[in-house]
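Asker: Before I ask anything, let me first share the structure, which is written out below as structure tokens.
Laboratory data are not the source of any read-out in this text; all were calculated from the coordinates shown. Quick caveat: nothing in here was measured; it's all calculated off a predicted structure. Cβ placement follows ideal geometry from the backbone for every residue including glycine, while neighbour counts extend to all protein chains displayed.
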């Protein structure tokens with residue numbers, strides 16, 4: 001999707017979703033130079049964000065407790081392997097593989113998260129351990145097909161204004177309206 005279409009959608013909906021924000025960041029990060037129309041769209045988005053016409057949706061208003069449980073399990077098992085060998089394992093890859101094979105456990109409150117943790121410890125502990133072990137085996141037996149791949153970037157909800165502003169300031173010298 002183009003920057004112009006993303007901005008148009010955000011203006012229509014009144015919201016800039018994390019996915020839209022990430023796509024704008026990806027386009028801007030990969031482009032050597034943006035087109036005039038793209039700068040104008042980003043300027044419209046910046047204005048709409050500043051006036052409140054468009055609201056940036058927070059990244060998370062909920063958590064998947066399974067992510068935390070799997071990550072704890074992966075870190076423990078990876079640490080055991082790395083201590084006893086020269087192998088270096090990617091915690092993110094292993095965690096993602098295991099999570100894709102486990103049920104999500106979403107919660108919106110601390111009480112809900114506590115309930116999901118307790119439920120997972122009683123009902124899903126063996127399954128989590130099994131899936132993490134399988135993920136490690138898969139990781140160790142898979143060749144590195146795409147060594148040039150790039151990890152996902154982490155951003156907070158307030159960075160969209162900073163990113164758009166910095167981008168406009170950096171490239172504003174190259175843009176003169178006609």
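Asker: Suppose the chain between residue 122 and residue 59 were pulled fully straight at 0.36 nm per residue; how much longer would it get relative to their current alpha carbon spacing?
Answerer: Answer, rounded to one decimal: 19.7 nm.
Asker: Then there's this: Applying 1/(1 + (r/R0)^6) with R0 = 41 Å to the Cβ-Cβ distance of residue 43 and residue 75, what FRET efficiency is obtained, to the nearest 0.05?
Answerer: The computed FRET efficiency comes out at 0.40.
Asker: Same structure, new question: Please arrange 67, 53 by how many other C-beta atoms lie within 10 Å of their C-beta, fewest to most. Write out the running numbers ahead of the final one.
Answerer: Numbers: 67 17, 53 13.
By the 10 Å Cβ count, ascending: 53, 67.
Asker: Could I ask something else about it? Can you give me the distance in nm between label points at residue 30 and residue 138, each placed 7 Å from the Cα along the Cα-to-Cβ direction?
Answerer: 2.5 nm
Asker: Once label points are set 7 Å from the Cα along Cα→Cβ at both residue 4 and residue 86, what is their separation, rounded to one decimal in nm?
Answerer: 5.5 nm
Asker: Fewest to most neighbouring Cβ within 10 Å: what's the order for 40, 20, 66, 1?
Answerer: Ascending Cβ contact count within 10 Å gives the list 1, 40, 66, 20.
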